[in-house]
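Nothing in this text is a laboratory measurement; each read-out follows from the coordinates by a stated rule. What you see is a predicted model; the values in this text were computed from it and never measured. Glycine gets a Cβ as well: all are built from the backbone with ideal geometry, and neighbour counts include every protein chain shown.
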């Protein structure tokens, strides 16, 4: 903390001071007090956000790179960089460093709590830049996954759960969230008086069709405004999900069947099918003359016991086919006439 006055000097003097400090720390790398010293340095560098913030971020980055790639001390400086970037409104500057975080955590041998701290800071950084992005959701989910396989108190993650649930429902590019429902931290919402209906809505988006959504909306319309959700946008997403489920249930769909399930006019069917194809929810072709849609493939909205059974059956079929080909090749080899000697 005694280094704080250095920031009153010129930038040249600041750089010179820290160069000398790095040389001194080089001799202390294995000292048992290194962590305490680094925490004091972090505290001094991050003490002010309105005084040379870009220089302070630069110095934190120099310290981060000063330690070996597998040093756990890198965690301290990486977290400091993330937190300071938010405090100083410099989040865009750190975004490129976030893409390889999973590998970095493995390199550092990060503890569960350290992973939790990093993922929380990351989703906050992304949220400060664009609160409605898939990257916010992905890192919220990774944060919530740190509560799996332990008895840590999940109540501290309740707001993150609610935020992730809203994004799962809201964002057009999130088409599956069954894995989110399975998380221990998320299941706490089932019995939470404030967020119970939000959990039900999330569950509905994972498993149900448009008719279930309309019934939910009729009895719980207030939740959409409270959560910052558009009913019409949610209805559009549920129509696409309903079409996806229909496509998974049958290889051939009539226009009238789709129109009935999506509660639309038959003249609108083709535009909805095109939208589902564009979003890569289904792979299909339309027979306009006969008003049929032929399904090549439809995404699964969840991966449960039925999907595992289907996958198992497919793998067994592939195995049998490969064994049949090998057997035929062996028979053909045996039946080949021997060459003349």
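A few remarks follow.
- Comparing 97, 247, 227 in a Gaussian network model of the chain, where Cα atoms under 10 Å apart are tied by springs, the biggest mean-square fluctuation is seen for 97.
- Highest-MSF residue in the chain out of 290, 299, 139 [GNM, Cα springs under 10 Å]: 290
- Annotation for segment 202-232 versus segment 132-189: alpha-carbon center distance of 18 Å.
- Counting neighbouring Cβ atoms within 10 Å and putting the fewest first, the residues 66, 22, 241, 216 line up as 22, 66, 216, 241.
- Debye equation applied to the C-alpha atoms of segment 114-183, log10 I(q)/I(0) at 0.25 Å⁻¹: -1.19
- Length gained on full extension, residue 155 to residue 214: 18.2 nm, using 0.36 nm per residue less the C-alpha separation.
- Ranked 58, 64, 69, 119, criterion: other C-beta atoms within 10 Å, fewest first: 69, 58, 64, 119
- With neighbours defined as other Cβ atoms within 10 Å of a residue's Cβ, the residues 125, 231 order from fewest to most as 231, 125.
- q = 0.13 Å⁻¹, segment 1-136: log10 I(q)/I(0) [Debye, one scatterer per Cα]: -0.57
- Given R0 = 41 Å, the distance between the Cβ atoms of residue 128 and residue 20 translates into a calculated FRET efficiency of 0.75.
- Degrees separating the helix 231-249 axis from the principal Cα axis of the chain, which is the longest one: 50
- Mean Cβ neighbour count within 10 Å, used as a protection proxy, ranking 201-211, 45-55, 83-93 highest first: 201-211, 83-93, 45-55
- Cβ-Cβ distance of residue 200 and residue 290, R₀ of 45 Å, FRET efficiency by 1/(1 + (r/R0)^6): the value works out to about 0.70.
- Note on the chain: with a GNM built from Cα contacts shorter than 10 Å, the maximum mean-square fluctuation among 262, 246, 28 falls on 28.
- Gyration tensor verdict on segment 11-86 (Cα atoms; rounded if a/c is under 1.5, prolate if a/b is larger than b/c, oblate otherwise): oblate
- Structure-derived Cα Rg over 2.2 N^0.38 Å: which label, when the choices are (1) 1.17; (2) 1.39; (3) 1.08: (2)
- Helical content of the chain, expressed as a calculated mean residue ellipticity at 222 nm, amounts to -19500 deg cm²/dmol (DSSP H runs of 4 or more residues, -39,500 (n - 2.57) each, divided by residue number, nearest 500).
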